[in-house]
Amino acid sequence: MGSKIMNFIADLFGFRKNSAYIARHNTDANVSSSIYMTTVTILIEIWMIIRYIKRYVLDAGEPADFVTVMKYTRNFWILLILALAVLIYALCYKMGKIRSRILTDIVMIIFAGSCVGFGMYVSHLDFASGKMVTCFLTMSLYVACLLIWKPYVSMLILGTMFFGYACYLNHYTFTEEGIQVTMRSGDWVNYVTFLIALAMVAISIYHQRLSEARKSEELERAAIEDDLTGVPNQYYFSRQCEELMKDWSTNPAKKIYLFLNIENFKTYNDQLGYEKGNEFLKHIAGRFAEIFSDAIFARQSDDHFIALVDAERKDEYISKADAEIGGGHSEIYLSLKVGGYRPLSREEAPLICCDRARYACGLIKNQYGKTYREYDKALGESFHLRQYVVNHIDQAVAEGYIQVYYQPVVFSKDGKVCGCEALARWIDPKHGFLSPGKFIPVLEECKQIHKLDSYIYETVCRDMHLSIERDEPVVPVSMNFSRLDFELMDVVKLMSDLVERYDIPKDMLHIEVTESTLSENQEKLQADLARFRELGFALWLDDFGSGYSSLNVLKDYKFDVLKVDMVFLHNLKENESAQHILSCIIEMADKLGMQTLTEGIETDFDAEFLTKIGCGRLQGYYYAKPMPYAALQDKIATGELKVTLEDMT
Ligand code: C2E
Ligand code: MG
Ligand code: MG
């Protein structure tokens, strides 16, 4: 109870220290008020000067020279010049040319003091001639209600001013005849009542402005703070970096942007749940905020953090942050990956710099023991290509820069073509021939892959439709599906619409998904695969053996064809272990009721060995490279490629 009362008193009289934001808000409000006050003061003083010159100089027949005019209007001029100076100061402050709060507060105090001083001077003269101290009261009202002071300061100033002035008046005011003038008791009552009313108005205005300031502080905080972790967000980061870089004392060459990524955090989320994942992120964000407390730091998104630090201390920051992540503190193995980018000039936009640091960071993904990669000139080129890909995918699709190449797949027993794989190529007017490695990962990262893939699927259907119409031999085509295709569009509907529109038997199209696509347990993806199967599309498991979860995937999903990755074919002749593994994979697939295909066949040995161990289908440069549809049809027509007559589906 006691502390409640103390708190109430502390709040009421403004004894609590205000945040820097509120203090700044109050100073800003005082400066705005001073603009109105000075403008009104300037107008009143001009009017007073004109009035006095007319009455005491012109009408009184006095000489209109400088000395005479000044004799009657000196005080008005002083106030006018002072108000003008404060007005100019306030306008400079508003335009952002002055930011010092202390200087501004001093200027406001001098101005307020001068106004009240003027009021006291005029009222003293009025009081001596038996009039009320109206000018003093008006000026006090002006100063106490327009400029904001903390309540206890207002009360202190007003109390001292009012009682001090009243004492002065009662002791040092004499009429022209030398008779001392004192305040009558009735005037005293009015005088004190005015003081109390004024103090109350000042206090209430203070609280009203304080609550406004708190509200906008909250809004401002929400705009600059990351919702989940409470550390600064990207917006705030950019603003801070821009300000720092604008400052001429900052040498951009001595700064470096860091992009921090917690590797394997997805697994943490998957295995321990989102709640725990969020808790971990909050904890790490707090620890990072301490580590980067003397730098600019923010959470960008997910498990990504960004910082602008002194380049010479970069290693120190990284090793501290790394110790937080990789120190075995968490139940799941996590590691820190950091990308760095040194800004080339102070004008470079912070977000672009972060993007480059992120790009460098992405290049050490999954590289055990490697924590840091810096963006350099060599990376610059591939980074630009990446930007180009993201910015031009729509145009590439619309203008036909994207083409479908077909790579034949053959039956191992007779080498006859039993199908094709559709592979994307980007033939760009500026960058020339681009292989999928250059654009597929970028489009996946930027969630644009569905634009390319839907175009590829439609082109395949159109090509096949034309061949059917022309009565040419047609082979089934397998198409690559990215994990994001399932997320970004309704692939099942898209494919059903396409086969209907182009009148293509569903068993002529095969859906290839890689094992890495399936390593993340997604309900939507599982459901979509089941829908594909129900509709009659065959499902192929691509790149088997290239990832970490191959066997797991086989346990949980059903596929028609298993495509064995080409990693096993490297130096196959010399590598007996690889030969054993391949034999086992083929045998296992057989037991699981799946057909087999091995990709990347390049040599006689590869072909013979895989045929011997019973792999049903083969694909690789040994038979044919990927080629445009026209070339494929040509090779079939000329007999260079022989198409099997067996059921190829
Ligand atoms: P993938 O689906 O495993 O395709 C097989 C890749 O192996 C192709 O590379 C093909 O050209 C290459 N290849 C075939 N035979 C041989 C060989 O004998 N030796 C060697 N060294 N390589 C061979 P490509 O066309 O560069 O495609 C790379 C990957 O890009 C594909 O791997 C696939 O994951 C992805 N991709 C290609 N086109 C598309 C597409 O339209 N959509 C999606 N989402 N991904 C695609
Ligand atoms: Mg494939
Ligand atoms: Mg493959």
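Coordinate-derived values only; no laboratory data. This one's a predicted model, so the numbers in the text were calculated from it and none came from an experiment. Cβ: placed from backbone, ideal geometry, glycine included. Neighbour counts: every protein chain shown.
Seen from a random direction on average, the alpha-carbon convex hull of the stretch 388-465 projects onto 6.0 square nanometres. Relative to the longest principal axis of the Cα atoms of the chain, helix 491-502 runs at roughly 60 degrees. Along its principal axes, the stretch 434-514 has C-alpha extents of 40, 28, 19 angstrom, given from the largest down. Full extension of the chain between Met95 and Asp497 yields a length gain of 138.7 nm, computed as 0.36 nm times the residue separation minus the alpha carbon distance. Cβ crowding within 10 Å ranks Lys430, Lys71 as Lys430, Lys71, fewest other Cβ atoms first. For the chain, the 222 nm mean residue ellipticity estimated from helices alone, with every DSSP H stretch of n ≥ 4 adding -39500 (n - 2.57) and the total spread over all residues, rounds to -19000 deg cm²/dmol. Across the stretch 234-375, the mean sequence separation of Cα contacts (distance under 8 Å, 6 or more residues apart), normalised by length, yields a relative contact order of 34 percent.
Between the exposed loop cleavage positions of the chain, defined as GluC sites (Glu not before Pro) in a non-H, G, I, E, B DSSP state with at most 15 neighbouring beta-carbon atoms within 10 angstrom, the longest gap is 1-175. Counting neighbouring beta carbons within 10 Å and listing from fewest to most, the residues Tyr622, Tyr341 come out as Tyr622, Tyr341. Among the chymotrypsin sites (Phe, Trp or Tyr not before Pro) within the stretch 225-312, those in coil by DSSP and having at most 10 neighbouring Cβ atoms inside 10 Å are Trp248. Here's the picture: charge each Lys and Arg Cβ at +1 and each Asp and Glu Cβ at -1 in the chain, and of Leu43, Thr27, Tyr502 the one pushed furthest to the positive end of that dipole is Leu43. Roughly how many debye, to the nearest 20, is the charge dipole of the stretch 234-375 about its Cα centre, given +1 on each Lys and Arg Cβ, -1 on each Asp and Glu Cβ, and no other charges? Its charge dipole is roughly 300 debye. Debye-formula intensities of the stretch 1-129, expressed as log10 I(q)/I(0) at q = 0.14 Å⁻¹, are -0.78 (one equal scatterer per alpha-carbon, no solvent). In the chain, taking the dipole from charged Cβ atoms about the Cα centre, the farthest positive-side position among Ile148, Ala285, Val567 is held by Ile148.
Is the stretch 385-636 rounded, prolate or oblate when judged by the Cα gyration tensor, a ≥ b ≥ c being the square roots of its eigenvalues, rounded requiring a/c under 1.5 and prolate requiring a/b larger than b/c? Rounded, because the longest to shortest axis ratio a/c is under 1.5. For the stretch 234-375, evaluate the Debye formula with one uniform point scatterer on each Cα (no solvent term) and list log10 I(q)/I(0) at q = 0.11, 0.16 Å⁻¹, rounded to two decimals. Debye curve over Cα of the stretch 234-375, log10 I(q)/I(0) at q = 0.11, 0.16 Å⁻¹: -0.38, -0.79. Modelled this way, with points 7 Å down the Cα-to-C-beta line, the labels at Gln395 and Glu218 are 4.8 nm from one another. Under 15 Å of direct C-alpha separation, and excluding same-chain neighbours fewer than eight residues apart, Lys430 reaches these aspartates and glutamates: Glu381, Glu399. In a reduced charge model with +1 at each Lys and Arg Cβ and -1 at each Asp and Glu Cβ, the stretch 384-519 shows a dipole moment near 400 debye about its Cα centre.
Using the Cβ-Cβ distance between Ser293 and Arg470 with R0 set to 51 Å, the FRET efficiency works out to roughly 0.10.
If every alpha-carbon in the chain counts as one equal scatterer, what log10 I(q)/I(0) does Debye give at q = 0.06 1/Å? Scattering profile of the chain, log10 relative to I(0): -0.59. Using a cut-off of 18 Å between Cα atoms, the listed pairs Lys215/Lys246; Lys54/Lys131; Lys266/Lys365; Lys17/Lys150; Lys276/Lys447 include Lys215/Lys246; Lys54/Lys131; Lys276/Lys447 as exceeding that distance. On the beta carbon distance between Arg313 and Ala10, with R0 = 45 Å, the FRET formula returns roughly 0.60. With all projection directions averaged, the alpha carbon convex hull of the stretch 2-223 covers 16.1 nm². Bridgeable lysines around Lys416 (alpha carbons under 29 Å apart, same-chain partners fewer than 8 residues away excluded): Lys506, Lys558, Lys563, Lys573, Lys591, Lys612, Lys625, Lys635, Lys642. Eigenvalues of the alpha-carbon gyration tensor of the stretch 429-473, scaled by 5 and square-rooted, set the equivalent ellipsoid semi-axes at 28, 14, 8 angstrom, largest first. Of the chymotrypsin sites (Phe, Trp or Tyr not before Pro) found in the stretch 471-570, the ones in coil according to DSSP and having at most 11 other Cβ atoms within 10 Å of their Cβ are Tyr548. Given +1 at the Cβ of Lys and Arg, -1 at the Cβ of Asp and Glu and no other charges, the dipole of the chain around its Cα centre is 3380 debye to the nearest 20. The trypsin sites (Lys or Arg not before Pro) of the stretch 466-543 that DSSP puts in a loop, and whose beta carbon has at most 11 other beta carbons within 10 Å, are Arg470.
Could you tell me which residue out of Asn75, Thr517, Gly339 lies farthest along the dipole of the chain toward its positive end? Charges go on the beta carbon: Lys and Arg +1, Asp and Glu -1, centred on the Cα centre. The residue sitting most towards the positive pole is Asn75. Relative to the dominant Cα principal axis of the chain, helix 185-224 is inclined by about 10°.
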